[in-house]
1. Report yes if some residue within the stretch 239-249 is surrounded by fewer than 24 Cβ atoms within 10 Å (Cβ to Cβ), under 18 Å from residue 59 (Cβ atoms) and either at pLDDT 95 or above or under 20 Å from the mean Cα position of the chain (by Cα) (or both); otherwise report no.
2. I'd like to verify a number: residues in the stretch 411-436 that are in contact with a helix residue (DSSP H, G or I) (Cβ under 6 Å, 6 or more places away or on another chain) and either over 25 Å from residue 392 (Cβ atoms) or outside any loop (DSSP other than H, G, I, E, B) (or both), how many?
3. Restricting the stretch 20-43 to residues that are farther than 16 Å from residue 230 by Cα and touching a residue at least 40 places away in the same chain (Cβ under 8 Å), which is surrounded by the most Cβ atoms within 10 Å (Cβ to Cβ)?
4. Can you tell me which residue within the stretch 173-194, out of those that are assigned to a strand (DSSP E or B) and in contact (Cβ under 8 Å) with a residue 40 or more places away in the chain, is farthest from residue 146 (Cα to Cα)?
5. With the checklist (1) crowded, with 19+ Cβ neighbours inside 10 Å; (2) assigned by TED's automatic domain parsing to the domain that holds residue 454; (3) within 30 Å of residue 275 (Cα to Cα) in hand, flag the one item residue 158 doesn't pass.
6. If I ask for residues that are touching a strand residue (DSSP E or B) at 6+ places or on another chain (Cβ under 7 Å), buried (at least 17 other Cβ atoms within 10 Å of the Cβ) and modelled with pLDDT of 95 or more, which ones from the stretch 288-314 would you list?
7. Report the residue count in the stretch 18-75 for those that are assigned to a loop (DSSP other than H, G, I, E, B) and either modelled with pLDDT of 95 or more or closer than 25 Å to residue 336 by Cα (or both).
8. Quickly run through the stretch 82-104 and pick out the residues that are buried (at least 19 other Cβ atoms within 10 Å of the Cβ) and either part of a loop (DSSP other than H, G, I, E, B) or at pLDDT below 95 (or both).
């Protein structure tokens, strides 16, 4: 399997090259040259998540790693999960189940993709006898999952920018209390956008890197994270009905990686009825699926902060694959003027959405009400992102045949203010979250307004 850019300028890439590069040289996102097909009968007899991963992952990695290497790596990849299956499925009623993806070490779904990414990063660095820096900004879960995934790999140093005051204490302390020689959490006196600007500048200039040192991207544009998420869609379908009938998935949506992974699984052969794209008041994806309007607007701050985006980066992959039939010239043309100019498709092309996608936008009030509803009726406490996905299902239920799986992407304890404002309470915090609150913070405080961040990275590299 080789890979190419959605914009046509970066082709014939191996898995290793895509892994270590992240973003294509032409600004596009990497895609596999074709969708590998899964024989569902081969999967029906598998039992564990890792077994499913051992089937799925090698389909994308054979240009760089043989199957035995990948299987050995996967046996050691997903660690410190508190469920044997890594996931937990809660049946609400005969029509709805909740898929809990927060049983990993940082209590967020990102543990799946980032632990896989870190394992492949480390394997590649060992093979090449090189080192790497992970450099990123976070609004919460990505940073903690990246730090945790990489902290035991000495060849990787993590420098994560944490905007002060933009997340819960638990989310911050999951990063700022990690006392490892290769982990450097940095508290920044600015916003997430300020931090992201610094990261973009760092990737452009790369002045703090040593010779022949990699600079790694850990956000959801990296294809390896998509692979990790494809795996749990196949596993869930196996667990629920052994692929006997299609399912609907309601996905709380920010950067669109989790939605695209579901779409990718369906292209590979997983039975699928509908994908519900659930968003908060930052509704660019809802506007697209409802009105053919993909245009950037100002970001609203909400109680579901991981979905507070103006542009969904991974949408480019769907645009390229589904709507444009892999026409890279057309994709490149759209993105040459975006976001200054919004994307509007020919009506006939845009209507391809209707066969697979539904969407819904919920504001904070609706999110609170859905959290209360689930506690009152099912004694279930969900985080605000999950509540957005649950609210979408309730409002679209007349359009949903078959069973619907609501993705729960983070433990509710990570959002204490939202839980409190919904007049709910969590009596017993998970030990992994409770313990972190009692740890001393070791993060460095720096300003985004000068070169102090880059100087700090260079001194500690």
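The values are calculated or read from the model by the stated rules, or taken from the named source; none is laboratory data. None of the values given here were measured: they were computed from a predicted structure. Positions of Cβ are generated from backbone atoms using ideal geometry, with glycine treated the same way; all protein chains shown enter the neighbour counts.
1. yes
2. 8
3. Once the filter is applied, the top-ranked residue is 29.
4. So, considering only residues that are assigned to a strand (DSSP E or B) and in contact (Cβ under 8 Å) with a residue 40 or more places away in the chain, the one farthest from residue 146 (Cα to Cα) is 188.
5. It fails just one condition, (3).
6. If the condition is that a residue be touching a strand residue (DSSP E or B) at 6+ places or on another chain (Cβ under 7 Å), buried (at least 17 other Cβ atoms within 10 Å of the Cβ) and modelled with pLDDT of 95 or more, then 288, 289, 294 are the ones that fit.
7. 25
8. Passing the criteria: 86, 87, 101, 102, 103, 104.
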